[in-house]
Amino acid sequence: MLVALSSVLPDLSPWRSTRDFRLLWVQGLVTTFGSFMALVALPLQIKDLTDSPLAVGAMGAVELVPLIVFGLYGGALADAVDRRKVILLTEAGLGLLAAVLLVNALLPEPLLWPLYVVAAGVSALAGLQRPALDSLMARIVPHDQLIAATALNSLRWNVGAIAAPSLAGVVVAYAGHAPAYAVTVVSFAVSVALCARIAPAPAAHDAEKPSLRGLAEGARYAWSRPVLLGTYAIDMAAMFFAFPNTIFPFLAEDLDAQWSLGLMYAAGAVGSLLLSLTSGWTSRVRRHGLLVVFGAAGWGLAITAAGWFGNVWLVLVCLALAGAGDMLSGLGRSTIWNQTIPDELRGRLAGIEVLSYSVGPQLGQVRAGAAAGWTGTRSAIWSGGLACVASVAALTAVLPKLLSYDASTDEDALRRREMSTPTG
């Protein structure tokens, strides 16, 4: 019985073996909690000020360009400078932007335009930070523990993603937006203190300064690897067509269940958490491309059902199933990236990865908001889910090497394993 249980529980090897992983895990938990408080409060505040699904969906358009520009630059920067310093400075910047939201919310008549300005600023700083954060993980965690580290990071994220939105929905409803933003400010202050304790992660002595030529080198490497292209394309398509989070306030209203808004934001994380808690079996998986494809298709099917049902509890169950599918796909993507990309290109490829899993949701917010304004909230959700499933099937047919990827035989994975020299 104990053997069977241990085979599905999360693998704690990275937590036991690496001090910096423990620090990053705790820092990430604190930041996730605070960020999700703002994630719920910000679109709800825009809804309260405008009562327009298009205005809420416009957040995605405002965030898109900064994310693309700074995500790509952040990837080149992560290969050229100390990655810890990038993480530390961007965390401090995100804390300052949260303080702007707090001050605006405390005004007698809060302004609309600062919300979009802060959203753009957060997108830019997140684009700068994420490549450094992702590329640092492959350096501090042993190669054979990468999928376990991904599962533990997802577990951490899901804990915050469940608790924070549920609490934020109650806090905003009964106390206003300002307390939610105050929690975000405090969380980033704690995060900066934890990041300062992480060991420096300097670039290689022969690392080039960030340049367009360096970015092009990373793009050429990604383009030459069909497996990587498949992970990027499937994730972008799934998020573009089936990311309805921005119109959840309108879905809750349509179902006459405004009380469920926080639960809607948290439901996907509940499904992800359940899969994370039973993720021990993934450490024995070698065909990670299968996880990407089946997880993304499951996400689309569940989103389709969430838009179709008119019962709020069934909708919440469907959103939880969608979260489990996204978690499964995310495990496959992150593991393939960390297993196959050489360290000297890790930052630049992480910048491309930021675009693959961030641009999709940003454009998806615009699509969902526009479609909800034209055809109604629920039809915008279920039609997007169907389009997601169709796009995953089409991309899998075009890029079959993703399905056949095997970590025990892939040349890039074997080369990366041989060169892996983790520290910490």
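The values are calculated or read from the model by the stated rules, or taken from the named source; none is laboratory data. Note that the structure is predicted; figures quoted are calculated from it, not measured. Glycine gets a Cβ as well: all are built from the backbone with ideal geometry, and neighbour counts include every protein chain shown. Only protein heavy atoms, including side chains, enter the accessible area calculation; ligands, DNA and RNA are left aside. Shrake-Rupley method; radii C 1.70, N 1.55, O 1.52, S 1.80 Å.
The table that follows gives values for the structure above.
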item: Cross-link reach list, aspartates and glutamates versus residue 47, counting only Cα pairs under 13 Å and skipping chain neighbours closer than eight places; result: 253
item: The chain - Rg and Dmax from Cα coordinates, angstrom; result: 20.4, 63
item: Protection proxy ranking, peptides 237-243, 401-407, average beta carbon neighbours within 10 Å, highest first; result: 237-243, 401-407
item: Nearby lysines by direct alpha-carbon distance to residue 85 (threshold 23 angstrom, same-chain neighbours under 8 apart not counted); result: 209
item: Listed residues 321, 12, 261, most fluctuating in the chain (Gaussian network, C-alpha, under 10 Å); result: 12
item: Helix-only CD estimate at 222 nm, as mean residue ellipticity for the chain, using -39500 (n - 2.57) per DSSP H run (n ≥ 4); result: -27500 deg cm²/dmol
item: Residue-normalised accessible area of the chain, expressed per residue, 1.4 Å probe, Å²; result: 41 Å²
item: Rounded to 10°, Cα long-axis angle of helix 177-195 versus longest principal axis of the chain; result: 10 degrees
item: Helix 312-340 axis, angle to the chain major axis (alpha carbon atoms, nearest 10°); result: 20 degrees
item: Burial ranking of peptide ranges 325-331, 114-120 (average Cβ count within 10 Å, highest at the top); result: 325-331, 114-120
item: Extension gain (nm, one decimal) between residue 19 and residue 209, 0.36 nm per residue minus Cα-Cα; result: 65.5 nm
item: Angle between the chain longest axis and helix 19-50 axis [Cα atoms, degrees, rounded to 10]; result: 30 degrees
